[in-house]
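The structure appears below as structure tokens.
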Amino acid sequence: MTRAGVDGRAVLFDWDDTLCGAVPHRYETIARVLERLGERRTIVEVHDAWVRADDPVVDRIANGFWQRLQRELGLTGRDDAIEALIEAFAARERERRFEVYADVHAALDHLDAAGWRVGVVSNNVEAPERIREVGLDGRFAAVVTPRDVGGRGKPDPVIFHAALSRLRVSPGNCLYVGDTYAVDAVGARAAGLRPLLIDRLGIGAPGDCEVLATLAELPRWLPTG
């Protein structure tokens, strides 16, 4: 991205589990199913297994996601557990609803009032539709998914740079807020952005990344100069 005509400040957000959550949460669904089968796992254990198993860009079913998750959850030999999880997720897809987190509108209002440009970088190719469904269309100057950059999703720096180009902001003048260290923090840092992790579930994060519990804490991380 060239520097010509680039100025201003921006905050880019992840979408899923950062600005909007599916109810019930996928980790809660997994934990409930496993407990019913006598295989208790904490939310933190489920989260860690999911992150290790997931390739956020490719189709999960076609690329063996459930088999990887089975291994990461320590369920080798428990094909019944994986079958139960697949069935539970199919039901969840039919019944889940999407909710914007309660702190989102105030955070976006604060950024607008302070003159910050705001965008979304998400590996969910359905993010633009979800944004419209929950009534946040018009709140973001840029929404970029792998569909816009030849299928290259986070943590690839390309998807971040595409959003920066649309916002006309240089990497050093942009914060990125996401919920997954390996995808959001690592990718943002590689693209030259300053990453902030939001930890809504209290899972914890590596010590080399700044962490928010809610977006109400975001203003204190915004430069004022």
| message | Quick check on the range 153-171. Is at least one of its residues modelled with pLDDT under 95, small (Gly, Ala, Ser), in a loop (DSSP other than H, G, I, E, B) and over 24 Å from Gly8 (Cα atoms)? | response | yes
| If you go through the range 120-139 one residue at a time, do you hit one that is surrounded by 15 or more Cβ atoms within 10 Å (Cβ to Cβ), in contact with a Ser or Thr (Cβ under 8 Å, 6 or more places away or on another chain), among the hydroxyl-bearing types (Ser, Thr, Tyr) and closer than 22 Å to Val46 by Cβ? | yes
| task | Return yes when Val104 is touching a Cys at 6+ places or on another chain (Cβ under 6 Å), in contact (Cβ under 8 Å) with a residue 60 or more places away in the chain and under 30 Å from Gly8 (Cβ atoms) and no when it is not. | result | no
| remark: Inside the range 49-75, the number of residues satisfying the requirement of being buried (at least 16 other Cβ atoms within 10 Å of the Cβ), part of a loop (DSSP other than H, G, I, E, B) and at pLDDT 90 or above is 2
| Across the range 76-93, what is the number of residues that are assigned to a loop (DSSP other than H, G, I, E, B) and surrounded by 13 or more Cβ atoms within 10 Å (Cβ to Cβ)? | 1
| query | Across the range 94-140, what is the number of residues that are over 18 Å from Leu164 (Cα atoms), assigned to a loop (DSSP other than H, G, I, E, B) and charged (D, E, K, R)? | reply | 4
| query | Quick one: is Tyr176 among the aromatic types (Phe, Trp, Tyr), modelled with pLDDT under 95 and surrounded by 14 or more Cβ atoms within 10 Å (Cβ to Cβ)? | reply | no
| So Ala142, is it surrounded by 14 or more Cβ atoms within 10 Å (Cβ to Cβ), in contact with a helix residue (DSSP H, G or I) (Cβ under 6 Å, 6 or more places away or on another chain) and either over 24 Å from Leu175 (Cβ atoms) or of a type in the set (Asp, Glu) (or both) | no
| Residues located in the range 202-220, provided they are closer than 14 Å to Asp17 by Cα and crowded, with 16+ Cβ neighbours inside 10 Å | Ile203, Leu212, Leu215
| task | Identify, from the list Gly187, Gly192, the residue that is outside any helix (DSSP H, G or I) and among the small types (Gly, Ala, Ser). | result | Gly192
| request: With respect to Val46, determine if the residue is touching a Phe, Trp or Tyr at 6+ places or on another chain (Cβ under 7 Å) and part of a helix (DSSP H, G or I). | output: yes
| request: Determine if the range 141-150 includes at least one residue that is assigned to a loop (DSSP other than H, G, I, E, B) and free of Cβ contacts under 8 Å to residues at least 12 places away in the same chain. | output: yes
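The values are calculated or read from the model by the stated rules, or taken from the named source; none is laboratory data. Predicted, not measured: the structure shown is a model, and the values here were computed from it. Every residue, glycine among them, receives a Cβ derived from its backbone with ideal geometry; neighbour counts consider all protein chains shown.
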